[in-house]
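K.L.:
I'd like to ask you about the structure that follows.
Every number here is computed from the coordinates shown, using simple stated rules; none is lab data. What you see is a predicted model; the values in this text were computed from it and never measured. So basically every Cβ, Gly included, is an ideal-geometry build from the backbone, and we count neighbours across all protein chains shown.
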Amino acid sequence: MKNMAENHVLSIKDLTVFRGAAKILDRVTLALGQGETLALVGESGAGKSTIATAIMRLLENARVTGSATLAGEGDLLTLSERKMVKLRGRRLSMIFQDAGTALNPSYTVGRQLGTSLQRIHELSKADARKQAIELFTSVGINDPEGRMSAFPHQLSGGMQQRVMVAIALAGSPDLLLADEPTSALDVTIQAQIVRLILQLTRERGASCVFVLHDLALASQACDRIVVLYAGQVVESGPARDVLERHRHPYTKQLKSCVLEIGAKDLVAPEGTVPSHDQMPNGCRFSTRCPRAVARCAGEAPPLVPARQTATGPLDHHIACWNPE
Amino acid sequence: MIAQTLSETKAPLSEQSIFELIEVEQVFEVPKPGRSLFSRETVGLRALDGVRLNIRKGTSLAVVGESGSGKSTLLRVLLGLDKPTGGRALYHSKPILEGRASGIDFARDVAMVYQDARGSLDPRMTIGALIAEPLRHFNIVPPQDEAARVSQLLDRVGLPADAADRYPSGLSGGQVRRVAIARALASEPSVLVADEAVSGLDVSTQAQLLILLQSLQRDMGLTLIFITHDLGVASFLCAEIAIMYLGRIVETGPTDAVLGAPSHPYSAALRAAAPQFFEPLSEPLSGEIPSPLNLPAGCRFSTRCPKMQDDCRLKDPQLGKLGPQRAVACLHPLEQQ
Amino acid sequence: MTVQITKGVAAVPIAATPSPSAKSRRSVFIRRPFFTASLLIAAAYVLAAIFAPYVAPFDPVKQDFNVMMKAPSVVHWLGTDSYGQDILSRVIYGARYALIIGIFSVMIGAVGGLIIGLAAGLSGGWAEWGLMRLIDAILALPSLILAVAFIAILGQGVDKVVIAVGLSMIGPFARTVRSDVMQVRVQLFIEAAQLMSISYLRVVLRHVLPNVIFPLAVQVTIRVSEAILVSSSLSFLGIGVTPPTPDWGLMIAEGRDFVSFAPWMSAMPGFALALLLIALSIVGDGVREEFDPKLRRDS
């Protein structure tokens, strides 16, 4: 990315993750401004969740290179584990896809939130309880005092995810990572939760990274979109640029698979993602790309501005030798 | 027409209809919440409550609803796995359970594709053996033609013939769904019931499967009953739609008409909640689906309905005709433009 | 794809990945050196047992009072015992008894356990309750104690030991079979078979049994060593096989009194027993890990 400006809350540069011999993330570069929401989209194996877990330093059995700089803290990838423990929950926190398993089944949700609050703000038990009730109210849990003593399994999936949101926001983090926060929920509940996350992060001036597989939802929820394929960033930029003025063939393919209500035409893409022992050295999409040229398989295209305007390059980047 | 008010007539059913559900109820006795340890008190859970549905031969019907809507219970009634506690569930004008009990013809004619395709395949059998099982069981082909038919079926669902020698554990998520479809098609059914057959897959795999299902339905004249939560999938694949809420079908009709201009406020909310490119996020419905143990008085949607009026708390609307092809269970259906 | 963080399985073209069976069969012996070594050791025991008369240098029950309690030497590789019998020959013949008792008693246990476990797992209700309480009662006693009890009823001798050890193993087999049946019974593929109107008996034979037999077969290979241990213990206690049968347990017991100045008398059969037990358990584990299609998830 061109301007690694100071106002970026998070800037990731050449993040590469190896698991064994497989390179599951390949030179991922992206940046996130203050108060921005960004969506990481792509199909399974794209590495969306790996990015989030790598930033949280929760990745196991993997070798990580590159950098992920959080404003004011330096490179998250090289901080000591002690420092990371301090940062998690306070400056950055994460919401998981399945709240049912992310919450501890043997403690009441009130106690789980209370403990986080006590830890983060060094509060007394009574004060933590008071704040927990406030937080539960703010995430739209009705009867928050009663729900304090509920165990996770006594709550519906939507309520569990609200509890997760409350715990994630307990330390007023600057950066919230939401890994498919709604894909286990019904559509009407999904809208509630996404709106809730957006509203609360906006109120707190926090930035938010969503990991999503639903492009349409990404366009509704996020300012910026990063499209990943097999561990590589193929296109990134403002949502509208990426989804409506996309130049990368994979973005086009991904978008064409989204079924809008009323759509009667659907073109199924050929083939599948290659396995890691057969991954091309260059552009990983080249094995399926309708626009692939000789250069694509051997040489990885760099992430470059997608178009130039009179005022200079736009913040819309693609990695493609033969863009649309 | 897939749904109609049948109470006024006992007229012969449309010859074309394959399945007919009339006021079907399914009440499960479940332990009463909060009962004492030794109490045997139970309470009725109304999983299905007055379901009216008529499925024509050759149609494609999407059954849409959120968790707790009764989709899965409805499915089990249609497949003859459960006996409804009330109402009548008919297959070619005969009770479904009678059909299932009287031989293998029902099982041959109505095939099923499970959401958990991997779980529905015996992990100790090869793909070839799995597909051959229904061929042999229903006597579809003579034994010497079995292998050829297996390859043919694999080819029909877009898998290479050498897949026959592999085990389900060696296939990807999209591939096992294809195997499940091939296995369902092996008995040459006229009805294919699919439970969330494309959910949980990547969009490109989903697109491949949807195109496959669409071509199968068209080419083989299958009657397709497709359970889904995804309105985009429903609108692509199915000509007709039935939207369920808390154990009742609240709206049915041609998919395009229903999704283009929903009459039931719940259909409208569902429609609005579906992600749409660059539309502002919909104003969500308030609250969550009530417990089927404790249905609200009057209309079951009244606790969340943005258009709720006074009489909605008093009267429970049944699914009734609305225009020639549609039906809705609402006292105050949304105006049609 | 090895990325397991995102949900769903990444699609891999079938043709692109090498067939898993070819991959595992080509290199299983290379990839698992311990398994290979153990298999060779177990095979050596089996061969020794079969060809004992040709392999053994002496008659195992021929007593020679000139060479009593001789330490291992060029003539008697493993030494001799208090009757002047050649220990190597007795150890080789002992493999016969160990394997015969181990295999046949486990067969009795496995077949009995399979029948009871299937009946319990499939019947449900009162029948299952009754069967399981019976099994629980049996399981409350260690198999050695049970075997002792059966020996008390049946009397001594190789055939009696086989039956006693076999009966004592029915409980644990029945327990594992039942829990496997319960697990399989609720699987979706069973419902799918019922949906096809496949008869109950066929569902049991084609879908329940194969999914139960395989873990049972693995159990068998592991429990052979337990049966050998129990039978040796019986002989050691003097209530199993009768002297002068060359049985390892018996030999260990006989050497007990001389352990301070003729330790080879107990050590040699003890070592033979330990090596076989270790080899069998490694083979059992290897078989399970390598050939269970449920554990084999390539891609």
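K.L.:
Return the whole-Å distance between the Cα centroid of the range A:77-150 and the Cα centroid of the range A:235-253.
P.N.:
Cα centres, the range A:77-150 to the range A:235-253: 37 Å.
K.L.:
Then there is this: Name the shape class, rounded, prolate or oblate, that the alpha-carbon gyration tensor gives for chain A, where a ≥ b ≥ c are the square roots of its eigenvalues, rounded holds for a/c under 1.5, and otherwise prolate holds if a/b is larger than b/c and oblate otherwise. Present the calculation step by step, with values, prior to reporting the outcome.
P.N.:
Details: a/c = 1.96, a/b = 1.66, b/c = 1.18.
Judged from the Cα gyration tensor, chain A comes out prolate (a/c at least 1.5, a/b above b/c).
K.L.:
If you place +1 on the Cβ of every Lys and Arg, -1 on the Cβ of every Asp and Glu, and leave all else neutral, what size is the dipole of the range C:167-273 about its Cα centre, to the nearest 20 Debye?
P.N.:
Values: 7 positive and 6 negative charges, 104 e Å.
About 500 debye.
K.L.:
Which residues' amide hydrogens lie under 5 Å from the amide hydrogen of B:Cys330, considering only partners 5 or more residues apart or on another chain, with H built in the peptide plane?
P.N.:
Placed amide hydrogens put B:Gly320 under 5 Å from B:Cys330.
K.L.:
Right, here's the next one. Distance between Cα centroids, the range B:24-56 to the range B:84-155: provide it in whole Å.
P.N.:
The distance from the Cα centre of the range B:24-56 to that of the range B:84-155 comes to 29 Å.
K.L.:
Still on this model: In debye to the nearest 20, how big a dipole does chain C give about its Cα centre with +1 on each Lys and Arg Cβ and -1 on each Asp and Glu Cβ? Write down the numbers at each step before the final one.
P.N.:
Working: 23 positive and 18 negative charges, 221 e Å.
It comes to approximately 1060 debye.
K.L.:
Still on this model: At R0 = 45 Å, how high is the FRET efficiency between A:Glu244 and A:Asp143 if r is their beta carbon distance? Nearest 0.05 is fine.
P.N.:
Once the sixth-power term is evaluated, E becomes 0.55.
K.L.:
Here's something else I'd like to know. Sorted by mean Cβ packing within 10 Å, highest first, what order do the peptides C:248-258, B:271-281 take? Each step should come with its number before you reach the end.
P.N.:
Values: C:248-258: 21.5, B:271-281: 17.9.
Highest-to-lowest ranking by the protection proxy: C:248-258, B:271-281.
K.L.:
Then there's this: Can you list the HN-Hα couplings for the range C:138-150, worked out from phi with the Karplus curve (6.51, -1.76, 1.60; θ = phi - 60°), rounded to whole Hz and with x for Gly and Pro?
P.N.:
For the range C:138-150, the Karplus curve yields 5, 5, 4, 9, x, 5, 5, 4, 4, 4, 4, 4, 5 Hz.
K.L.:
Arranged by the count of other C-beta atoms within 10 angstrom, fewest first, what order do A:Trp321, C:Trp126 take? Mind dumping the intermediate values first?
P.N.:
Values: A:Trp321 18, C:Trp126 8.
Result, fewest neighbours first: C:Trp126, A:Trp321.
K.L.:
Determine how many Å³ per residue the convex hull of the Cα atoms of the range C:143-269 encloses. Mind dumping the intermediate values first?
P.N.:
Details: hull volume 15.1 nm³, N = 127.
Given the Cα convex hull of the range C:143-269, per-residue volume reads 119 Å³.
K.L.:
Report, as an integer, the average count of C-beta atoms from other chains found within 10 Å of each Cβ along A:38-44.
P.N.:
On the way: counts 0, 0, 0, 1, 3, 10, 16.
Across the residues of A:38-44, the mean count of other-chain Cβ atoms within 10 Å is 4.
K.L.:
Can you give the FRET efficiency for B:Ser67 and A:Lys125, using 1/(1 + (r/R0)^6), R0 = 22 Å, r = Cβ-Cβ distance, to the nearest 0.05? Write down the numbers at each step before the final one.
P.N.:
Values: r = 36 Å, r/R0 = 1.64.
That pair, B:Ser67 with A:Lys125, gives E of 0.05.
K.L.:
Another one. So for each of A:138-144, B:29-35 I average, over its residues, the number of other beta carbons within 10 Å; can you give me the resulting order with the highest mean first? Mind showing how you got there, number by number?
P.N.:
Values: A:138-144: 17.9, B:29-35: 11.0.
Highest-to-lowest ranking by the protection proxy: A:138-144, B:29-35.
K.L.:
Taking every residue in B:114-120, how many Cβ atoms of other protein chains lie within 10 Å of its Cβ, on average? All intermediate terms of the calculation are to be shown ahead of the outcome.
P.N.:
Numbers: counts 5, 1, 3, 2, 3, 6, 8.
For peptide B:114-120, the averaged partner shielding equals 4.
K.L.:
Here is a follow-up. Restricted to Cα positions, what overall size does the range C:243-282 have along the principal axes? Three whole-Å values, descending.
P.N.:
So the three principal-axis extents are 33, 22, 9 Å.
K.L.:
Between B:Lys315 and C:Leu237, what is the FRET efficiency for a Förster distance of 56 Å, r being their Cβ-Cβ separation, to the nearest 0.05?
P.N.:
Efficiency computed from Cβ-Cβ geometry: 0.10.
K.L.:
Quick one: what do you get for the protein assembly as shown if you divide its Cα Rg by 2.2 N^0.38 Å?
P.N.:
Numbers: Rg = 34.0 Å, N = 960, 2.2 N^0.38 = 29.9 Å.
So the Cα radius of gyration is 1.14 times the expected 2.2 N^0.38 Å.
K.L.:
Moving on. Could you give the dipole magnitude of the protein assembly as shown about its Cα centre, charging the beta-carbon of Lys and Arg +1 and that of Asp and Glu -1, in debye to the nearest 20? Walk me through the numbers on the way to the answer.
P.N.:
Values: 93 positive and 87 negative charges, 125 e Å.
Here the size comes out at about 600 debye.
K.L.:
Residues with beta-carbon under 11 Å from that of B:Val157, excluding B:Val157: net charge, scoring Lys, Arg +1 and Asp, Glu -1?
P.N.:
Values: positive: B:Arg156, B:Arg177, B:Arg178, B:Arg183; negative: B:Asp155.
Computed value for this residue: +3.
K.L.:
Residues in the range B:114-148, backbone N under 19 Å from the label point at B:Ser215 (7 Å along the Cα-to-beta-carbon vector): list them, ranges by number please.
P.N.:
Answer for this model: none.
K.L.:
Still on this structure: Along the Cα→Cβ direction, 7 angstrom out, place labels at B:Asp165 and C:Ile30. What is the inter-label distance in nm?
P.N.:
Label-label distance for B:Asp165 and C:Ile30, simple model: 2.0 nm.
K.L.:
Over the Cα atoms of chain C, compute the convex hull volume and normalise it per residue, giving Å³. All intermediate terms of the calculation are to be shown ahead of the outcome.
P.N.:
Details: hull volume 56.4 nm³, N = 299.
Cα-based convex hull of chain C, divided per residue, equals 189 Å³.
K.L.:
What does the structure give for A:270-280 when I average, per residue, the other chain Cβ atoms found within 10 Å of the residue Cβ? Numbers along the way, then the final one.
P.N.:
On the way: counts 2, 5, 14, 9, 5, 10, 4, 2, 4, 0, 0.
Rounded to a whole number, the mean comes out at 5.
K.L.:
Within the range B:38-59, name every residue whose backbone N is under 18 Å away from a label modeled 7 Å from Cα of C:Glu128 along the Cβ vector.
P.N.:
It comes to no residues whatsoever.
K.L.:
While we're looking at this one, here's another question. Using a 7 Å offset from the Cα along the Cα-to-Cβ direction at both A:His153 and A:Leu58, what is the distance between the two label points in nm, to one decimal?
P.N.:
Those two pseudo-labels are separated by 2.3 nm.
K.L.:
Once label points are set 7 Å from the Cα along Cα→Cβ at both C:Ser260 and A:Thr101, what is their separation, rounded to one decimal in nm?
P.N.:
Result for the modelled spin labels: 6.2 nm.
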